[in-house]
1. Give me a count of the residues in segment 200-216 that are crowded, with 20+ Cβ neighbours inside 10 Å and either aromatic (Phe, Trp, Tyr) or over 19 Å from Ser80 (Cα atoms) (or both).
2. Does Val207 meet the test of being of a type in the set (Val, Ile, Thr) and modelled with pLDDT under 95?
3. Among the residues of segment 290-321, what is the count of those that are in contact with a Pro (Cβ under 8 Å, 6 or more places away or on another chain) and either farther than 20 Å from Gly270 by Cα or at pLDDT below 90 (or both)?
4. Only one of these conditions is not met by Val115: (1) in contact with a Pro (Cβ under 6 Å, 6 or more places away or on another chain); (2) at pLDDT 95 or above; (3) closer than 24 Å to Ile137 by Cα. Which number is it?
5. Is it fair to say Ile137 is within 22 Å of Thr205 (Cβ to Cβ), modelled with pLDDT of 95 or more and either surrounded by fewer than 17 Cβ atoms within 10 Å (Cβ to Cβ) or of a type in the set (A, V, I, L, M) (or both)?
6. Within segment 58-106, work out how many residues are among the basic types (Lys, Arg) and either touching a strand residue (DSSP E or B) at 6+ places or on another chain (Cβ under 6 Å) or on the phi > 0 side of the Ramachandran plot (or both).
7. Would you mind finding the one in Gly94, Gly123 that is crowded, with 20+ Cβ neighbours inside 10 Å, in contact (Cβ under 8 Å) with a residue 60 or more places away in the chain and farther than 30 Å from Thr147 by Cβ?
8. Go through segment 168-199 and give me each residue that's in a loop (DSSP other than H, G, I, E, B) and surrounded by fewer than 20 Cβ atoms within 10 Å (Cβ to Cβ).
Amino acid sequence: MRLPATLLVLSLALAGCFAGPQEDAMEPEPAAPNVTIDEARPEPTFGELTLTPAAGDFNATLDAPPKWVAGEWWRYHFTSPLTGVDVSFVKVVGAVDGTTYVVGMPHEAWYKEAVVYHTPCFGDVVAEHLGCRAHNIPFVPLQFPLTEGATWVTQFERPPDLTATVSVISPTEAEILFTDPNGNVQIRQDYDASIHEVRIFEQATAVYEIVEHGYGFEGWITIPRGEQLIFEHGRLGAPLVGLNGMPGTPTEEIEVSGGFNRMSFILAVGNALGVDQGGAYRETATAPDGTTYSAESIPGGPLVIEFYEHKDPDGTWSLEHIAAGPGIAFIEGIAYHQYDIHLPSGDIRADHSHEVIR
């Protein structure tokens, strides 16, 4: 694969986070359709759900979207050129909600980092194109029918527009390249109708391949719904500027509201160019309950990216960005409503039952 950016752009982009002002990202948009986010939380519900492998869509082609069923699952091998992570995790369909698939991870294998990477899609997945929102912006990874030379325009995390172009590989496989206005390939993916999903996805900060696909998952699934970009704040030093259109002040307060019960976020500090440039950096986030999260990079140290999760994030957060050098101090946070679905019963637990892990 030819990645669409060098490590220089990788570090500066931080999963697309430093690409310039995006005013509407500062104000959370309304939650996804059919998602209730409030302090009361949904009451547990109980219902019947029939799960058998025969319920699967075994004749899917490139002509139309596949039909996912509750209990269908995929195992991913995931790597990140930005962070160096190399992991495996599982995605499970918890329910079908009209034209939306409700998608999560096995309860005991919750991987909060996946929410921040934005790929693959978790939470609310649009049945029409198997896409979701990244940084509050809809991403359309597929447009059926997938025919040779077909194109469409979408965005990933933010402008600019990306033009998707299809190359048919076989009756059930297609490669899609997403190019920017300069003709650079920003995303490459292979869709495989036989497994109902994008089998391979390659982008500057996230690369994955599906290594296993099946049906009939049983047990609790943790769902992150109504995902909203809350934090995209920080400083870039030498010259000192703010990020995402924000002033380059060292401290600021951000109000989080909406009845969210979880937030996954990263703190990123250090030399943004991926080389030793000197300088010291620290990013500190203090939650409304007084919990403090901090990451720092000593003079001459590397870029440091750390992942965190916080329960019940609503309230005033205090942020401190220290960039004493040409590098960065930055926070990105995604808030959501997290709850559990049990399969095959379809039972719902209003909140994720265990405490923050990892």
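The values are calculated or read from the model by the stated rules, or taken from the named source; none is laboratory data. Everything quoted here is computed from the prediction, not taken from an experiment. Every residue, glycine as well, gets a Cβ built from its backbone with ideal geometry; the counts of neighbours run over all protein chains shown.
1. Qualifying residue count for the region: 2.
2. No; evaluated as a whole, the condition is false for this residue.
3. 5
4. (2)
5. No, not satisfied.
6. Qualifying residue count, segment 58-106: 2.
7. Testing whether each residue is crowded, with 20+ Cβ neighbours inside 10 Å, in contact (Cβ under 8 Å) with a residue 60 or more places away in the chain and farther than 30 Å from Thr147 by Cβ leaves just Gly94.
8. Pro171, Thr172, Asp180, Pro181, Asn182, Gly183, Asn184, Ser194, Ile195
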